[in-house]
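Below you'll find the structure, written out as structure tokens, and then a few comments.
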Amino acid sequence: MVLKFQQEVDGIPLEVAVKQLDGTNKIVSLFVSTDAESIADLMDKTDSIKAKAEELKVKYPALNKPIDDEDVEGFREVVKGATELVKANYDELFGEGTYDKLSEAGLGLLKLIPLLTDLTDGLTEELESKVAENQKKANKRRADLLIKNKKKQK
């Protein structure tokens, strides 16, 4: 007799469907590994992203102040800085080239900013769900063992 176990790679697949002008969708597939080392790396990446944000505030001072309606150069600087920051976030969290893939599919800065929040919120929910599911299974195993041991004692 052979015991067989089917497993999936540790990770969370994500798909972003970008509706094109002709009505078709371009699908951009992303994958976030959820093994222990990758989750630890993810925590390091958030620190890296915060550091990058601070660097960009120095590189693009216009990011630090309100821009008045007639300051075209200030607006351009804000767009450049925000674009670099959003690109750094996507590439750091989802792998090098992710920002470019999403841009090539037709998403601009104004869509990529809220999408980043949606993706990270979705990832957080999925990770929490997996942790809760594993905890539930572990609790059930413990309860089953206690019941089994109790029966043996009788």
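The values are calculated or read from the model by the stated rules, or taken from the named source; none is laboratory data. Bear in mind the structure is a predicted one, so any value in this text is a computation, not a measurement. No Cβ is skipped: glycine too gets one built from the backbone with ideal geometry, and neighbour counts run over all protein chains shown. Ligands, DNA and RNA are stripped out before the accessible areas are found, and what is left, the full protein with its side chains, is counted by its heavy atoms. Shrake-Rupley method; radii C 1.70, N 1.55, O 1.52, S 1.80 Å.
Residue-wise test of (1) over 18 Å from Ile12 (Cα atoms); (2) free of Cβ contacts under 8 Å to residues at least 60 places away in the same chain; (3) over 19 Å from the mean Cα position of the chain (by Cα).
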residue: Val86; (1), (2), (3): yes, yes, no
residue: Asp100; (1), (2), (3): yes, yes, no
residue: Leu109; (1), (2), (3): yes, yes, no
residue: Leu112; (1), (2), (3): yes, yes, no
residue: Asp118; (1), (2), (3): no, yes, no
residue: Leu127; (1), (2), (3): no, no, no
residue: Lys136; (1), (2), (3): yes, yes, yes
residue: Arg142; (1), (2), (3): yes, yes, yes
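Taking the criterion of being surrounded by 14 or more Cβ atoms within 10 Å (Cβ to Cβ) and touching an Asp or Glu at 6+ places or on another chain (Cβ under 8 Å), the residues of the range 53-67 that qualify are Leu56, Tyr60, Ala62, Leu63. For Leu56, the conditions (1) more than 26 Å from the chain's Cα centre (by Cα); (2) within 22 Å of Leu116 (Cα to Cα) are fulfilled apart from (1). Applying the criterion of at least 2 residues that are open to solvent by 60 Å² or more (accessible area, probe 1.4 Å) and closer than 22 Å to Asp44 by Cα to the helices (runs of 4 or more DSSP H) found wholly in the range 68-154 leaves 72-94, 109-153.
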